[in-house]
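> Have a look at the structure that comes next, please.
The values are calculated or read from the model by the stated rules, or taken from the named source; none is laboratory data. Just so it is clear, the model here is predicted, and its values are computed rather than measured. Cβ sites come from the backbone with ideal geometry, for glycine too, and all protein chains shown count toward neighbours. Areas reflect the complete protein model, heavy atoms only, side chains present, ligands, DNA and RNA absent. Shrake-Rupley method; radii C 1.70, N 1.55, O 1.52, S 1.80 Å.
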Amino acid sequence: FYETWFEARYLESTKRYFSSKAQEWIQEDCYTYLNEANKAFVKEEVNNEFWLLASTRPKAMDLVVKELVTDQAEAIVDKEAGVVEFFRNRQLDKLNLLYRVFRRDENTFDSIIGKMSPYMEDIGMEIVQNEEHMKDPLVFT
């Protein structure tokens, strides 16, 4: 009875709600999206622990992760003031938040790596091609 009457309806409602929230939040900047998603995860974990049977909790969280991270990963990392800016400006708090959100679906790390790799290559080339470093190789250490 619980699974057919309550759980199925609850999971469908959860999916619709977080799909709607993702569409709302994706209109904001990257940091705002990540912050809202992270707060939603914390709130859902607490609510799920209190209200749901143990068998429903992972199903509900999987839906939240899918709607907020998996389905939005590319859009999140492609935001103008996003991942690349976090790296360039060494915004470690924002990179930490990015990691905390994306670690919920490790397959989404490829999206971050796709943005991070060109940045890392550019920085590496700047270091290697710097004339001052060529004069004193110990600078590399």
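> Taking region 71-124 as the region of interest, how many residues are not in a helix (DSSP H, G or I) and not charged (D, E, K, R)? Talk me through it step by step, then tell me what you get.
Initial filter on region 71-124 (not in a helix (DSSP H, G or I)): 78-82, 89-91, 103-105.
With the extra rule that they be not charged (D, E, K, R), the set shrinks to 81-82, 89, 91.
Final tally of qualifying residues: 4.
> Pick from region 71-117 the residues that are open to solvent by less than 60 Å² (accessible area, probe 1.4 Å) and polar (S, T, N, Q): which of them is farthest from the chain's Cα centre (by Cα)? Write out each step before concluding.
Of the residues in region 71-117, the ones open to solvent by less than 60 Å² (accessible area, probe 1.4 Å) are 72-73, 75-77, 79, 81-84, 86-87, 91, 94-95, 97-98, 101-102, 105, 108-109, 111-112, 114, 116-117.
Filter once more, keeping what is polar (S, T, N, Q): 72, 91, 108, 111, 117.
Values: Gln72: 9, Gln91: 15, Thr108: 8, Ser111: 10, Ser117: 17 Å.
Result: Ser117.
> Something else: Can you name the residue in region 55-70 that is among the β-branched types (Val, Ile, Thr) and part of a loop (DSSP other than H, G, I, E, B) and is also surrounded by the most Cβ atoms within 10 Å (Cβ to Cβ) among such residues?
Val69
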